[in-house]
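**Student:** Attaching a single structure in C-alpha cells format; questions to follow.
The values are calculated or read from the model by the stated rules, or taken from the named source; none is laboratory data. Since this is a predicted model, take the numbers as computed values, not measurements. Don't worry about glycine lacking a Cβ; one is built from the backbone with ideal geometry, like all the others, and counts go over all protein chains shown. The protein model used for the area step is the full one, side chains on, heavy atoms only, and it has no ligands, DNA or RNA in it. Shrake-Rupley method; radii C 1.70, N 1.55, O 1.52, S 1.80 Å.
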Amino acid sequence: MGLVLSASRFGKLMEEWSKKYDIYAPALFEGSGPFSDTDQVRYAKVTSLEEIVFDKKSNYPFKEAILPITQVLFYFTEDEVREAAPRGRDAVIFLRSCDFNALRSLDAIYIRNVIEDHYYKGVRERAKFVVMGCESSFDNCFCVDMETNTCSGYDAYIHLEADSVTLDIVNPELADSFSFESGENAQITPKFVTATTTRVNIPGNLDASVAGSDMWDEYHTRCTSCGRCNFVCPTCTCFSMQDVSYTDNGKCGERRRVWASCQVDGFTDMAGGHSFRANKGQRTRYRVLHKVYDFKKRNGYHMCVGCGRCSDACQEYISFSACVNKLEKAMGVK
Amino acid sequence: MCDRNEYIPSAYEIKDVVKQTDAEYTFRVAYSADVKPGQFFEVSIPKFGESPISISEIGPDYIDLTIRKVGRVTSEIFTYTGGDKLFMRGPYGNGFDLDVFKGKELIVAAGGTGVSPVKPVIDYFAANPGEVTSCKVLLGYKSQQDILFKNSLANWTSSLDVSLTLDRAEEGYGGRVGFVSALVPGLDIANPPEAQVIVVGPPAMITSTAKEFLNRGIAISNIWISLERRMCCGIGKCGHCRINDQYVCLDGPVFNYEKGVNLVD
C-alpha cells in the first residue's frame, strides 16, 4: 500500500504503532561520539518521527534490537533452572537495505544452522521491519557490490521528502486500526542506491589458499584487537556465556550470553592453555574471510553486506574494503 | 514462544567418581538415552559456567565423563562426588560412525586426554573384536602418572593389539619412549589402502601422526580425527569453534582428514 503522508499524519501512525510495538530506530546521541563534541547515531526506542535519524549512517547496526548485547538465558538456584521470560513487546525496527539483508545472515546462523536458537527465534518472529530508503550512499558503503543495495520481503518501506513521508506498507498489520485518507494513497518507488564511491572486488576464483598469503601480516601490527569491527557489524553474531551469581544469595544467579569478538584476546582460549590465532593478522584473516568467503561456502551468499561500519569504527583506520581488494593480488602468493 | 530451548540444562546424578590421575577424574553419570562414541555434552555448574566434555564410556544406564582439572568449571566439578548432580545438555556433535570401521583393519592412535573421546570406540571393538579384521591401539602419555583408563587398558590388551608409549623415560619404566607418531613407521599394517585410522590428540600430535600414516600408504579419506575447540553453545551459534565454513560442534568434532587437513584455524 503506497502512501504519502504529512509528517503529522505519520506521527499519528507512529502513535498507533507505539500502542502495540516497541519501535527501534537509529537515533542521535549528542556528544557521545568517540571524539569530543562528536555525536553518535545508534539504535534506541523511539516514539516520534523527529527522533529517527534519516540523514546519517548509524554507527551501530539494528542487531542489538533483536540480539541484545547481554541476554539472560535462564535463572538458576542450586538445583534448578528457569528460563528467562521474553522481554519487551513486539518490535518495529527501522533499518536500511544493507541491514535488512544482514538479517538473512543472522537468520542463517540463529535459525537455519541445524538447530534453532530459541531466544533469537522468539524475538525475530515478533519483529517487523521498516526499510529506510537511501538517497545516496554514505562514506565507506559498498552495498551495490555486495548486492545488498536493494531488498524485498520487508514489512514496510519509508523515506522522507521535504515535507512529507513516503511509505509502502506491505504487512497489513502495520495499517491496523488506522484510517488512511483517500488522498494519501500514492504510487511510490523505493529509493535504493545504485552506485557507491567505495568499491570492492571479491575475486570469483577466491579460495582458501589466500589464508596462507602474507597480505595478513600488516594487520598484525596495525590491528589493536579492540573488537569494534565485530561489534558494529550487522552480521557478527558470536557470543560468550557468562554465569553471574547474586551477591545477596551466591547460590542463585543467571546465565547470560554476551557479544564476543573473534579479534579480542581470549576468543579461542580453552581451559588448559591451548588457543589459536595469537597473531592479529590471522584474526583479521579469520574475520575477513568469514565475511567474503567461508560464510558463502556454507550458506550460498556473502555474509558482508557492505555497510562499511567496520571501516568507520576502526581506530587504526583499517579499511575492510581495501583489505578485500587485496585478495585478488594475494591469491596464490605465499 | 517457540519450540525447544537447547540452552536449558538438566540435572543428572553422579553415580561414581574414579580418580584416573591427580588432575583427571572420571565422573559416571546416570544417563540412558541414545549417545554415540565421539559425541560430547555441555556440562555446567551454575555460577561457574559450562564446558564441553567428551564421553569416555557409554554404558546401558550411564555415561562416563573424564574431566581434566584445568579451569574454573572443571575445578568446581572436582569437588562433586557420588549422589551430587551435574547439569548437562546434549549429546552434541557427529561422533564416530562405527559402521565405517566394521570389517576393516582399524588403527586408533590417541594421545593424552585425546584418548577420552575415542575410548568408546576402543571399548566397542574390545568387546566385539570379531567385527573388525584387526584393531591396533597406539596410546601416548607424558608420563606414567598421566596414564588414563588403566583398568580398561587391561581389558583391551586381552582382545586388541595395544601399544603404549611415554613422552619421556622414567625410573622403573621399561616400556616404549617417544611420541605416538614414532610408533607408526614400524607398525604392521596388512593392507594400508583399505585400513581405517583414527587419530585424536593435541593439534601437533594429530598433524605429525597423520603424516606418518599417509607415509605408510593409508588413504587420506580413511583417516578420522576429532578436534577440540572452545565452545560456548555446542549448537553452532556462539562462533568460538568455527574453522573456515565448519563448526566443530555441529559438523565435528569428528572430521574426515581429507577435510580436516585443509581446515585453517
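**Student:** Too long at a 26 Å Cα-Cα cut-off: which of A:LYS63/B:LYS85; A:LYS280/B:LYS142; A:LYS20/A:LYS291; A:LYS291/B:LYS237; A:LYS280/A:LYS326?
**Tutor:** Numbers: A:LYS63/B:LYS85 37 Å; A:LYS280/B:LYS142 32 Å; A:LYS20/A:LYS291 36 Å; A:LYS291/B:LYS237 16 Å; A:LYS280/A:LYS326 17 Å.
Beyond 26 Å between Cα atoms: A:LYS63/B:LYS85; A:LYS280/B:LYS142; A:LYS20/A:LYS291.
**Student:** Can you give the FRET efficiency for A:SER225 and B:ARG72, using 1/(1 + (r/R0)^6), R0 = 30 Å, r = Cβ-Cβ distance, to the nearest 0.05? Let's see the in-between values first.
**Tutor:** Numbers: r = 23 Å, r/R0 = 0.76.
Approximately 0.85, to the nearest 0.05.
**Student:** Please list 3J(HN,Hα) in residue order for the stretch A:254-259, calculated via the Karplus relation 6.51 cos²θ - 1.76 cosθ + 1.60 where θ = phi - 60°; whole Hz, with x for glycine and proline.
**Tutor:** Here the 3J(HN,Hα) series is 9, 9, 10, 10, 9, 3 Hz.
**Student:** Can you figure out the FRET efficiency of B:GLU258 with A:ASN171, using R₀ = 51 Å and their beta-carbon distance, to the nearest 0.05? Before the final figure, lay out the partial values.
**Tutor:** Values: r = 47 Å, r/R0 = 0.92.
Once the sixth-power term is evaluated, E becomes 0.60.
**Student:** From the square roots a ≥ b ≥ c of the eigenvalues of the alpha-carbon gyration tensor of chain A, which class results: rounded (a/c under 1.5), prolate (a/b over b/c), or oblate?
**Tutor:** On the way: a/c = 1.96, a/b = 1.23, b/c = 1.59.
Cα axes put chain A in the oblate bin.
**Student:** For the stretch B:40-73 and the stretch A:84-141, what is the separation of their Cα centres, given in Å?
**Tutor:** 35
**Student:** With the full set of protein chains in place, find how many percent of the accessible area of chain A is carbon and sulfur; take the probe as 1.4 Å. Please list the in-between numbers first.
**Tutor:** Details: 7200 of 15040 Å².
Roughly 48 percent of what the probe reaches on chain A is carbon or sulfur.
**Student:** Also, quick follow-up: Can you give the % of DSSP beta bridges in the protein assembly as shown that are antiparallel, to the nearest 5? Mind showing how you got there, number by number?
**Tutor:** Values: 70 of 106 bridges.
Restricted to the protein assembly as shown, the bridges split so that about 65 percent are antiparallel.
**Student:** At a Förster radius of 22 Å, what calculated FRET efficiency corresponds to the Cβ-Cβ distance of A:GLU147 and A:MET1, to the nearest 0.05? Let's see the in-between values first.
**Tutor:** Values: r = 27 Å, r/R0 = 1.23.
For A:GLU147 and A:MET1, the calculated efficiency is 0.25.
**Student:** Which parts of the stretch B:240-265, residue by residue, lose 10 Å² or more of accessible area when the rest of the protein chains are there, as against the chain isolated (1.4 Å probe)?
**Tutor:** B:HIS240, B:ARG242, B:ASN244, B:ASP245, B:TYR247, B:LEU250, B:ASP251, B:VAL264, B:ASP265
**Student:** Then there's this: I want the local charge near A:SER6. Using Cβ-Cβ distances under 9 Å, sum +1 for each Lys or Arg and -1 for each Asp or Glu among the other residues.
**Tutor:** Working: positive: A:ARG9; negative: A:ASP163, A:GLU184.
Here the count lands on -1.
**Student:** Follow-up. Against the longest principal axis of chain B, how steep is helix B:115-127, in degrees 0 to 90 to the nearest 10, with axes from Cα atoms?
**Tutor:** 70
**Student:** Extension gain B:ASN215-B:ASN128, at 0.36 nm per residue separation less the Cα-Cα distance, in nm? It would help to have the intermediate numbers written out before the result.
**Tutor:** Numbers: separation 87, 0.36 × 87 = 31.32 nm, distance 2.95 nm.
So the extension gain works out to 28.4 nm.
**Student:** Another one. With axes computed from alpha carbons, what is the tilt in degrees of helix B:150-159 against the longest principal axis of chain B, rounded to the nearest 10 within 0 to 90?
**Tutor:** 40
**Student:** Another question about this same structure. As a check on your grasp of the helix formula, calculate [θ] at 222 nm for chain B: sum -39500 (n - 2.57) over DSSP H runs of n ≥ 4, divide by the residue count, round to the nearest 500.
**Tutor:** Values: 7 runs with 54 residues, N = 265.
Computed mean residue ellipticity for chain B: -5500 deg cm²/dmol.
**Student:** If you take the square roots of the eigenvalues of the alpha-carbon gyration tensor of the stretch B:10-92 and sort them as a ≥ b ≥ c, do you get rounded (a/c under 1.5), prolate (a/b over b/c) or oblate? Mind showing how you got there, number by number?
**Tutor:** Details: a/c = 1.41, a/b = 1.27, b/c = 1.11.
Since a/c stays below 1.5, the shape of the stretch B:10-92 is classed as rounded.
**Student:** Okay, moving on. Loop only per DSSP, at most 14 neighbouring Cβ atoms within 10 Å: give me the trypsin sites (Lys or Arg not before Pro) in the stretch B:82-165, ordered by residue number.
**Tutor:** Values: sites: B:LYS85, B:ARG89, B:LYS102, B:LYS104, B:LYS136, B:LYS142, B:LYS150; in loops: B:LYS102, B:LYS104, B:LYS142.
Sparse-neighbourhood loop trypsin sites (Lys or Arg not before Pro): B:LYS142.
**Student:** Still on this structure: Work out which residues of the stretch B:57-76 lose at minimum 40 square angstrom of accessible surface when the other protein chains are put back, relative to the chain isolated, with a 1.4 angstrom probe, and list them by number.
**Tutor:** Listed by number, the residues meeting the 40 Å² cut-off are B:VAL70.
**Student:** Taking square-rooted eigenvalues a ≥ b ≥ c of the alpha carbon gyration tensor, is the stretch B:174-240 rounded, prolate or oblate, where a/c under 1.5 means rounded and, failing that, a/b exceeding b/c means prolate? Display every interim value, and only then the final one.
**Tutor:** On the way: a/c = 3.36, a/b = 1.72, b/c = 1.95.
Oblate, since a/c reaches 1.5 and b/c is not below a/b.
**Student:** Just to be sure I follow the definition: excluding the sites themselves, where is the longest run in chain A that has none of the GluC sites (Glu not before Pro) in a DSSP loop with at most 10 other Cβ atoms within 10 Å? Can you show the working numbers first?
**Tutor:** On the way: sites that count: A:GLU30, A:GLU161, A:GLU181.
With GluC sites (Glu not before Pro) excluded where exposed in loops, chain A gives A:182-334 as its longest stretch.
**Student:** Still on this model: Taking Cα pairs under 8 Å and at least six residues apart, what relative contact order does chain B come out at, in percent? Don't jump to the answer; show the numbers that get you there.
**Tutor:** Working: 561 pairs, mean separation 45.7, N = 265.
This gives 17 percent for chain B.
**Student:** If we count every other residue with Cβ under 10 angstrom of B:ASP22's Cβ, Lys/Arg +1 and Asp/Glu -1, where does the sum land? Don't skip to the answer; put the middle values down first.
**Tutor:** On the way: positive: B:LYS19, B:LYS69; negative: B:GLU24, B:ASP146.
Charge balance in the 10 Å sphere: 0.
**Student:** In addition: Determine the alpha carbon to alpha carbon distance for each of A:LYS12/A:LYS191; B:LYS104/B:LYS150; A:LYS251/B:LYS69 and list only those over 30 Å. The partial results should precede the final answer.
**Tutor:** Working: A:LYS12/A:LYS191 24 Å; B:LYS104/B:LYS150 26 Å; A:LYS251/B:LYS69 22 Å.
In this structure, not one pair exceeds 30 Å between Cα atoms.
**Student:** Here's something else I'd like to know. For chain A, with every protein chain kept in place, what is the accessible area per residue (1.4 Å probe, Å²)?
**Tutor:** Per-residue value: 45 Å².
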